[in-house]
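See below for the structure under consideration.
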Amino acid sequence: SFIFMHSAILSSGINAEYGEGKSALDLAMAAADAAGSRLIIANDPDADRLAAAEKQEDGSWRVFNGNELGAMFGAIALANWQAGNPGTTTEKIYMNCSTVSSKFLRSMAQKEGFLYEECLTGFKWMANMALKKHAEGYTCLLGFEESIGYMYGMNVLDKDGISAGPILSAKAVQLYQEGTTLAAFLEAQYVKYGRHISNNSYFLCYEPSKFDQMFGEIRDGGYPDSVGRFKVTAVRDLTVGYDNNYEDLKPRLPVCPDSHMITFTFENGCLVTLRTSGTEPKIKYYSEIVRSPENPVPEKEMRAELDELVAAVVEHLLQPAKFDLKPRPS
């Protein structure tokens, strides 16, 4: 059984932005427990975002983060398309996500043969890229961002929690009838395409000039070669238009000089993006560690390595004490 929540729950969460943390769904969990439901589907007040939580065997609730849901939607979208188009190749299938989101769709695309692209944050970029590819003969199955926004198909060219909810619910019903769960389904995708773990958060700062000073230090004298013990292998700076992933040193995504955004690639395969918010007094960081299915690493070890890297980034690049950054409220 299910409980569907459509209320102010996601915007009233104390601990979590966009409802990704447990506190944003506490009331829903209590209601679901009382009703004997095992799945929570939640929208924010204007229903453009979608959150989900599933009750585990030990009675606890697992709140899926935005990247985990994006991975599941990608797998669902591809399977649904293949079921409706038996024997058809995937070369004209298309999916995209924001550049700060998980690279899970990229891993899928490398194995399944469809076209994947990343865009700047915001669904105007993802929807416009989908329209462009549609005009070129591609079928867009999914666009998503880590902040629990999903564009499933092209019926709604924006993030839309209403259309995403039934897709996830239908998959859950199928899985429950088969005696398994969404959590197990997600794990199966990691086994197939590689485990992807993210660690995203932010600091608050009410003096915009501090952001300019912080990023100025990162850029002055050249970008860092390492952060703590972690060696930097590539840097993309979409503020100044620099990307040494390419011989011409020019980024393939649009340059945005009015905001700060730098992505570091590390020798261990991790990615970390530092980005200022255009609407809030925040400096956000997005990080991900990926291990291929051919070379699996225990999840605990991956999380420990990513946490160590994030701590080094905070200490050496963000420097909260120096720039008077306030940690995310808990």
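The values are calculated or read from the model by the stated rules, or taken from the named source; none is laboratory data. Values in this document were obtained by computation on a predicted structure and should not be read as measured data. Neighbour counts run over all protein chains shown; Cβ positions are idealised from the backbone, glycine included. We work out accessible area using only protein heavy atoms, side chains counted, and drop any ligands, DNA or RNA first. Shrake-Rupley method; radii C 1.70, N 1.55, O 1.52, S 1.80 Å.
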* Would you mind telling me which numbered condition in (1) open to solvent by 50 Å² or more (accessible area, probe 1.4 Å); (2) of a type outside the set (Phe, Trp, Tyr); (3) closer than 24 Å to Glu117 by Cα; (4) touching a helix residue (DSSP H, G or I) at 6+ places or on another chain (Cβ under 9 Å) Ser292 fails? => (1)
* Residues in segment 282-289: is at least one part of a strand (DSSP E or B) and surrounded by fewer than 14 Cβ atoms within 10 Å (Cβ to Cβ)? -> no
* Structure fact -> Within segment 145-175, the residues that are part of a helix (DSSP H, G or I) and surrounded by fewer than 16 Cβ atoms within 10 Å (Cβ to Cβ) are Ile162, Pro166, Ser169, Ala170, Val173, Gln174
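For (1) at pLDDT below 95; (2) open to solvent by 90 Å² or more (accessible area, probe 1.4 Å); (3) more than 19 Å from Lys282 (Cβ to Cβ), each residue gets a yes or a no:
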site	(1), (2), (3)
Tyr206	yes, yes, no
Phe215	no, no, no
Ile218	no, no, no
Gly221	yes, yes, yes
Ser226	no, no, yes
Ala234	no, no, yes
Glu247	no, yes, yes
Arg252	no, yes, yes
Phe266	no, no, yes
* May I ask you to list the residues in segment 253-271 that are of a type in the set (A, V, I, L, M, F, W, C) and not in a loop (DSSP other than H, G, I, E, B)? => Met261, Ile262, Phe264, Phe266, Leu271
* To do: Go through segment 272-317 and count every residue that is among the basic types (Lys, Arg) and more than 19 Å from Ala71 (Cα to Cα).
  => 4
* Please list, ordered by first then second residue, the pairs with beta carbon atoms under 9 Å, 6 or more apart or interchain, first in segment 212-238 and at positive phi, second among the hydrophobic types (A, V, I, L, M, F, W, C). => Gly228/Leu309; Gly228/Ala311; Gly228/Ala312; Gly228/Val313
* **Members of segment 177-204 that are in a helix (DSSP H, G or I), open to solvent by 20 Å² or more (accessible area, probe 1.4 Å) and aliphatic (A, V, I, L, M)** => Ala184, Ala188, Val191
* Structure fact -> Taking segment 171-206 and keeping residues more than 12 Å from Met72 (Cβ to Cβ) and free of Cβ contacts under 8 Å to residues at least 12 places away in the same chain leaves Val173, Gln174, Gln177, Glu178, Gly179, Thr180
